[in-house]
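The values are calculated or read from the model by the stated rules, or taken from the named source; none is laboratory data. What you see is a predicted model, and the numbers here were worked out from it, not measured in a lab. Because the Cβ atoms are built from the backbone with ideal geometry, glycine has one as well, and the counts that use them run over all protein chains shown.
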Amino acid sequence: MNALLLLLTVASTTFVGSLHWLEFAAQARLPYMDLGWSSLLVRGFWYSGTILAILGCHELGHYLACRYYDVDASLPFFLPAPFLTGTLGAFIRIREPIPSKRMLFDIGIAGPIAGFIIAVPAIFMGLAMSTVVPSPPAEVVGFFGESDALQLGEPLLFKLAGWAIAGSLGDGYTFNLHPVAFAAWFGMIATFLNLFPLGQLDGGHISYAVFGPRSSHVTLVAIAGAVLLTIFSPGLFVWTGLMIIMLWRFGRHHPRTFDEAVPLETSRKILALVAVLIFALCFTPAPIQPIHLLH
């Protein structure tokens, strides 16, 4: 099943990646009309290889940490999707309770750090291959019609990388994203969502390991923040709804470890601050929304 889902996700991300490359080539005025399907799909690997590397390393970070602590866990399951990003992400299944906060923390933080390490050079490389174009007007018609004319929210790392590569863009200009840049952007959004400190998300594990039972209060604040974010970005409605369902199903209290009252050591608390920094660098209040809503 793992191999089958991986192959399907390679196919879906390559197909979607080829469409993103067509959109990029059209705005960059690159020749593409005479490309055959095989040549087009090869160009789809720009996106496919990048996003699978980010998501794959994220999940392998969790998996290898589980293996290190002899925690029973599955290999990554990738989720294909034939639209927009080509995938709904990936996950591993942990088949037994994690007994200690130290183990829980290491397993939880290993994924975001591993994925982020891949995403950072990808965003710089992707933006270096992107072009600067005039911002599309409200009535823009995208590759699939008006409905696909979308404005992508810019995480702080995205802004910093763009400034380092192209300087300050003038009013009315934006990046025409190369597929590698779009894949890195999606990887950052996935990282920011996973680091939300609630439930069984990576951020929820980290929060419990640091705060113990008090993480339940952090969870309530986080879910309130997620609900508020849907005001800025209706595209987060489904994700927020799933988080609310998860909390309703499993409760706001994280499963206990045997050493719940034992404080986490200082070195791991510093790593928790690194996770907060990664969250801040990948955060954007409105990841994606139609352009016509902005005018």
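Considering (1) surrounded by 12 or more Cβ atoms within 10 Å (Cβ to Cβ); (2) over 20 Å from Ala184 (Cβ atoms); (3) at pLDDT 85 or above, the lone condition that Gly251 does not fulfil carries the number (3). Considering segment 255-275, and only residues there that are of a type outside the set (Lys, Arg) and free of Cβ contacts under 8 Å to residues at least 60 places away in the same chain, the residue that is nearest to Val218 (Cα to Cα) turns out to be Leu273.
Tallying residues that are under 20 Å from Pro255 (Cα atoms) and more than 21 Å from the chain's Cα centre (by Cα) within segment 105-131 yields 0.
Per-residue answers, yes or no, for (1) without any contact (Cβ under 8 Å) to a residue 60 or more places away in the chain; (2) more than 18 Å from the chain's Cα centre (by Cα); (3) more than 25 Å from Ile117 (Cα to Cα):
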position: Ser12; (1), (2), (3): no, no, no
position: Phe15; (1), (2), (3): no, yes, yes
position: His20; (1), (2), (3): no, no, no
position: Phe24; (1), (2), (3): no, yes, yes
position: Gln27; (1), (2), (3): no, yes, yes
position: Pro31; (1), (2), (3): yes, yes, yes
position: Leu41; (1), (2), (3): yes, yes, yes
position: Glu59; (1), (2), (3): yes, no, no
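Is it the case that Ile51 is under 28 Å from Thr257 (Cα atoms) and outside any strand (DSSP E or B)? Answer is no for this residue.
With the requirement that a residue be in a loop (DSSP other than H, G, I, E, B) and closer than 19 Å to Ile107 by Cα, what does segment 76-93 give you? Within segment 76-93, Pro76, Ile92, Arg93 qualify. Of a type in the set (Asp, Glu), touching a strand residue (DSSP E or B) at 6+ places or on another chain (Cβ under 9 Å) and under 25 Å from Phe158 (Cβ atoms) - does that describe any residue in segment 53-67? Checked segment 53-67: at least one residue is of a type in the set (Asp, Glu), touching a strand residue (DSSP E or B) at 6+ places or on another chain (Cβ under 9 Å) and under 25 Å from Phe158 (Cβ atoms). Contact annotation: residue pairs with Cβ atoms under 8 Å, 6 or more positions apart or on different chains, pairing a residue in segment 109-135 that is more than 22 Å from Asn194 (Cβ to Cβ) and in contact (Cβ under 8 Å) with a residue 24 or more places away in the chain with a partner that is assigned to a helix (DSSP H, G or I) and polar (S, T, N, Q), are Thr131/Gln27; Val133/Gln27.
Of the residues that make up segment 95-112, is at least one within 24 Å of Phe182 (Cβ to Cβ) and of a type in the set (A, V, I, L, M, F, W, C)? Checking segment 95-112: not a single residue is within 24 Å of Phe182 (Cβ to Cβ) and of a type in the set (A, V, I, L, M, F, W, C). When the residues of segment 52-90 are filtered to those that are at pLDDT 95 or above and aromatic (Phe, Trp, Tyr), the one that is surrounded by the most Cβ atoms within 10 Å (Cβ to Cβ) is Phe78.
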